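The values are calculated or read from the model by the stated rules, or taken from the named source; none is laboratory data. If you're wondering where the values come from, they're calculated on a predicted model, not measured in any experiment. Here the Cβ is made from the backbone with ideal geometry for all residues, glycine too, and neighbour counts use every protein chain on show. For accessibility, only protein heavy atoms count, side chains too; no ligands or nucleic acids. Shrake-Rupley method; radii C 1.70, N 1.55, O 1.52, S 1.80 Å.
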Amino acid sequence: MSTPGRRTHQGCWTCKARRRKCDRARPTCQVCAERGVACEGYDVRLRWGTGIASRGRFTGADAPAESSIPSRLQGRQRDLLRERKRQLHVADQVRESSGSEILVEGTEELLLSPLLSETWKPNHYAELFSDFLSSGINVLHSTTMHDGEIPLKVRLPGLCQQSEALYQICITLQVSIRPDLKSQFFEYFDAALNKFRSELAQSEAYLEDGTLTAGLLLCTIGIMQGIPWTMHLRGMYNILQSQSVTRSHDQVSPFRAHLLEVMGIMDLPTFAIGRKHPYLGFWRQYCRNRSMPVPSEQYDVEVMSGLPRSLVDIFSCIYEGATERDFWDWPGSRGCFLQCQLWEAYRLAGMLVIRHGALRLPSELDDNPAQRGQSQRQSALPTTAVIITRLLSCVDAIYRASSEAEGKDTLIINAIPYPVFVAGLQSDALNKDPELRDFIRRILLAIAEGPFWNKQYRLLLDLLEEYWTYPENNINIHEIAQSRGIELGLF
């Protein structure tokens, strides 16, 4: 007689909730990874009946914490959600009638959310959200503060009517760049993450613009904080693929096309450090070769990266056929002086990445080894030392201009992590000219201590400092990041 199978209670929380068999892989199960959903892990979830919690995020609570995932809204809570959406709609109408890109004075109180966890402080929410709309949102773009082509500023209040998660994530992002609130960041982040997971689980039929925006901003928080984020990118990608909405930009609205481009930028090869999930090839498949018909007559700049789409097209093909010559022969695009400096720095950084392969993932190091150094043998191209010097001179010009009074409205300084970090990986050239290394150190420190507290730049410098302690080519920069359990973006 066969022994009946015994039910296991040791699976991850996600598989338990969905009543699926779990392979119990650590730290996250492969069942969730293959389905494109975030694995909630195996940590014990404590509950208590009577008594009061004395430590942690539930300090003072006298009721059990049933789950970290919010329950479905019922009764009174559903009515409060409808009221908050109505208030957001009123605030959006006031903003439109005023002709302003941000909320006018007197409408902040409309943004108070009555559905927040007890651990959150609702009296601060309106202030934080208003601050995000007026200034914090600027960390997301690399053009100018007053660029009319930035679509998120004017649409955000309306999108928050679609997505409760988006509203909470905006506030969390604002907390993340406030030095005085950084000790509270993870409390806000946990609540926002759980709200997003709950919302995403209900989006199998269609991924609304609000939820997609929430996911991209959640990835941004991870990029800036070193918190793993590529699993969110993959989860949204799997939903989009099942909906077949990524086939053509002609079939989606301009704002939806913008969101897809942002997703493509986040997925670009060599634009992330310590990446845990492989590249999706999103830009190459769905955004490539979609430049303006006549780029000489109008701007053709992707507003998040601050780069011309034609240049992003080349970056999307790194290790997929792009060569140094492609970057060297790039014809350029129309823009202001600072934009041209930024694009020159990226063009030169792309040449270094292909020449030395310093940003290849460990799993890709044996792929097409002949491609590395292929263009280096072409005598018309400059030496590595010359490229680094020219690249850093462009960065210096951007930093100096951004620090002057007339450059205060530019956001181009947001885009310099990539070329600076790529230059920092050229250990051989930096050892021969220590002043270049000192400049890289100074520029990253200066930005990290700028108006917005940004952990990203400090983490990038910490990675470089450790990388510089090893002999050249003895360690991969991704291995250093992965040993610390962090994922960082270079944009």
Is there a residue in segment 469-476 that is buried (at least 16 other Cβ atoms within 10 Å of the Cβ), under 16 Å from the mean Cα position of the chain (by Cα) and in contact (Cβ under 8 Å) with a residue 60 or more places away in the chain?
no
Sort out which residues of segment 158-204 are aromatic (Phe, Trp, Tyr) and under 22 Å from residue 39 (Cα atoms), and write them in order of number.
185, 186, 188, 189, 196
Hits in segment 455-468 - residues which are within 23 Å of residue 262 (Cβ to Cβ) and open to solvent by 20 Å² or more (accessible area, probe 1.4 Å)
455, 459
In this structure, does residue 479 turn out to be without any contact (Cβ under 8 Å) to a residue 40 or more places away in the chain and part of a helix (DSSP H, G or I)?
no
Residue 224: passes all of (1) part of a helix (DSSP H, G or I); (2) over 18 Å from the mean Cα position of the chain (by Cα) but (2)
Could you list all residues from segment 227-269 that are assigned to a loop (DSSP other than H, G, I, E, B) and at pLDDT 90 or above?
227, 228, 229, 267, 268, 269
How many of the residues making up segment 176-221 are outside any helix (DSSP H, G or I) and either open to solvent by 10 Å² or more (accessible area, probe 1.4 Å) or of a type in the set (Ser, Thr, Tyr) (or both)?
7
Of the residues in segment 423-449, those that are over 24 Å from residue 351 (Cβ atoms) and open to solvent by less than 30 Å² (accessible area, probe 1.4 Å) come to 448
